[in-house]
1. Of the residues that make up segment B:115-128, is at least one hydrophobic (A, V, I, L, M, F, W, C) and not in a loop (DSSP other than H, G, I, E, B)?
2. Before we move on, is A:Tyr134 in a strand (DSSP E or B) and aromatic (Phe, Trp, Tyr)?
3. Could you pull out the residue among A:Gly62, A:Gly42, A:Gly138, A:Gly77 that is surrounded by fewer than 13 Cβ atoms within 10 Å (Cβ to Cβ) and within 17 Å of B:Val61 (Cα to Cα)?
4. Do we have B:Val61 as under 24 Å from B:Gly135 (Cα atoms), in contact with a strand residue (DSSP E or B) (Cβ under 8 Å, 6 or more places away or on another chain) and within 10 Å of chain A (Cβ to nearest Cβ) here?
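Values in this text are rule-based calculations from the coordinates and carry no lab data. The model shown is predicted, which means the values in this text are computed figures rather than measured ones. Glycine gets a Cβ as well: all are built from the backbone with ideal geometry, and neighbour counts include every protein chain shown.
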2 protein chains.
Amino acid sequence: MADTAERNSTTRSRSVRELVDSGHMMERDEGKDLIASDRVEGTAVYRPDGEKVGKIHHFMVGKRNGRVEYAVLSFGGFLGLGAEHRPVPWEALDYDTALEGYVLSAEEDTLKASPTIRDNERPDWDRAYAAQIYGYWGVPY
Amino acid sequence: MADTAERNSTTRSRSVRELVDSGHMMERDEGKDLIASDRVEGTAVYRPDGEKVGKIHHFMVGKRNGRVEYAVLSFGGFLGLGAEHRPVPWEALDYDTALEGYVLSAEEDTLKASPTIRDNERPDWDRAYAAQIYGYWGVPY
């Protein structure tokens, strides 16, 4: 599957197949599917039309099972949204290799009305909260 | 079996169930099971005897599926290990609520001989690499 160049290189992080799939050279060094946690933080979030609306501030992961459940987004300066954070189910985001960021399929009104986390708030991240957030975004928990 | 081993253990590790049974309340603000990505980074890693051996520098997560596959540990100053990073399968770490950190069950020699990532290295994070790292740590990929 991998071509000769790929087989001959043990140091390059990008597979030829990945370059073909994405149609351009990617700058990331995490390989095809994995990304460093500290690089997810700060990754841009776009709407389906390619408009940048915010970025991933951090994400919430199961301490034990290692599953990412939420991306916590910041929108300061975009769409007139405030500086507060907004939790989104991880499954509501699609990674786009061309944009090198995540796409959130949501109308502007949906985004503006979505649940927020204010600076002094500490969500419980429990089942009730999941029902609220996953429910809002229409994603099964 | 695990319960018996846990009860007989003289280490500082306590099972989650024991803490729940004793009514121990957790101080963290991430809730019972979730932790913020930027708080995993920097979390201490202990050996089963409670000795701190290093910390989680960052972790590697699937861009799309949101699964944590590796913790990348730094050991500078501990056990005479160098400053290089060492990737460990996420499943090789156990979160310990009493220690408020992760426990890595490994003999000192195993730890010292474990695969490293030098500063200028960029692992492929592909199946061959997984076979190497997960294989070394005896964890199914």
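1. yes
2. no
3. A:Gly42
4. When the stated conditions are applied, B:Val61 passes them.
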